[in-house]
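Down below is the structure, laid out as structure tokens.
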Amino acid sequence: MSETPASILLIDDHPLLRQGIKQLISMEQDMEVVGEASNAADGIRMATEIEPDLILMDLNMPEMDGIEALKRLRAQNISSRIIMFTVSDHEEDVVDALRAGADGYLLKDMEPEDLRSNLVKAALGVTVLQDSLTEVLKKALIDPDTKTSASDVSLTDRETEILDCLAEGMNNKNIARKLGISDTTVKVHIKNILRKLNLTSRLEAAVWRHQNR
């Protein structure tokens, strides 16, 4: 990681949980908590002011839930990577969060060491997902009756390269660096890939790629 620690904003209405996460992150030299909010409205305000590298946000909060907060942050073009951190492993919550623009989905019952390692990956630009949710996504994100099969798709060599990068959980900046192209060019290719595959999110594209190797 870079010499500057990755900045993290915590948005969760449970003070003890926030304290525990802060203690956990303090053990990691490459990350630091730069702010915390006990509700979504304050979290959105702080996110726009701080623009942290990473936002760890609860799904179920009073007045405004994490999905709505996520949508509002994305509508404001917040560049932070946003990870949902929740007790819910319901298929609908997982899919809604990822389609709303989440960069990962982790459950609060995971081991502290696993949380640390996932936060490090997220700060590096990797999409993080609780292992137990992988099969849920494969079934939920792509309806077998409506998905596009590999034989129906005509991707260019460059689009295939970028799709492979998406399947590895890489972000646009890392893809651009790997392929020697600009971030803008990567965004254009991803838009074309989603259109051709009849999908709505990069994570759906990643799952599609894993299923159609």
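The values are calculated or read from the model by the stated rules, or taken from the named source; none is laboratory data. A quick note: this is a predicted structure, and the numbers were derived from the prediction, not measured. For neighbour counting, all protein chains shown are included, and Cβ atoms are generated from backbone atoms with ideal geometry for every residue, glycine included. The protein model used for the area step is the full one, side chains on, heavy atoms only, and it has no ligands, DNA or RNA in it. Shrake-Rupley method; radii C 1.70, N 1.55, O 1.52, S 1.80 Å.
Which members of segment 66-93 meet the condition of being assigned to a helix (DSSP H, G or I) and either of a type in the set (S, T, N, Q) or modelled with pLDDT under 85 (or both)?
E91, E92
Could you tell me whether V128 is open to solvent by less than 20 Å² (accessible area, probe 1.4 Å) and either over 14 Å from I11 (Cβ atoms) or modelled with pLDDT of 95 or more (or both)?
Values: open to solvent by less than 20 Å² (accessible area, probe 1.4 Å): yes; either over 14 Å from I11 (Cβ atoms) or modelled with pLDDT of 95 or more (or both): yes.
Answer is yes for this residue.
Residues that are open to solvent by 10 Å² or more (accessible area, probe 1.4 Å) and out of contact with any Cys (no Cβ under 8 Å at 6 or more places or on another chain): find the strands (runs of 3 or more DSSP E) completely inside segment 1-60 holding 3 or more of those.
31-37
Give A37, A69, A41, A47 a once-over and let me know the one that is of a type in the set (G, A, S) and out of contact with any strand residue (DSSP E or B) (no Cβ under 7 Å at 6 or more places or on another chain).
Numbers: A37 fails: out of contact with any strand residue (DSSP E or B) (no Cβ under 7 Å at 6 or more places or on another chain); A69 fails: out of contact with any strand residue (DSSP E or B) (no Cβ under 7 Å at 6 or more places or on another chain); A47 fails: out of contact with any strand residue (DSSP E or B) (no Cβ under 7 Å at 6 or more places or on another chain).
Sole residue among the options that is of a type in the set (G, A, S) and out of contact with any strand residue (DSSP E or B) (no Cβ under 7 Å at 6 or more places or on another chain): A41.
With the condition kept exactly as written, say whether any residue in segment 193-203 is in contact with a helix residue (DSSP H, G or I) (Cβ under 6 Å, 6 or more places away or on another chain), farther than 13 Å from L155 by Cβ, part of a helix (DSSP H, G or I) and not hydroxyl-bearing (S, T, Y).
yes
Between residues in segment 196-209 that are farther than 9 Å from L163 by Cβ and residues that are open to solvent by 40 Å² or more (accessible area, probe 1.4 Å) and in a helix (DSSP H, G or I), which pairs lie under 9 Å by C-beta distance while being six or more apart or on different chains?
Short answer, once both residue conditions are applied: T200/R99; S201/R99; L203/R99; E204/R99; V207/T134; V207/K138.
Being outside any helix (DSSP H, G or I) and out of contact with any helix residue (DSSP H, G or I) (no Cβ under 9 Å at 6 or more places or on another chain) is the filter here, so list the residues in segment 95-123 that pass it.
Matches in segment 95-123: D109, E111.
Search segment 167-213 for residues being hydroxyl-bearing (S, T, Y) and at pLDDT below 85, and hand back the single one that is farthest from the chain's Cα centre (by Cα).
Out of the qualifying residues, it is T200.
Can you tell me which residue within segment 137-154, out of those that are of a type in the set (A, V, I, L, M) and open to solvent by less than 40 Å² (accessible area, probe 1.4 Å), is modelled with the lowest pLDDT? Reasoning before the result, please.
In the first step, residues of segment 137-154 are kept if they are of a type in the set (A, V, I, L, M); the result is 137, 140-142, 150, 153.
Still in the running and open to solvent by less than 40 Å² (accessible area, probe 1.4 Å): 137, 140-142, 153.
On the way: L137: 66, A140: 60, L141: 56, I142: 52, V153: 76.
Per the criteria, the residue is I142.
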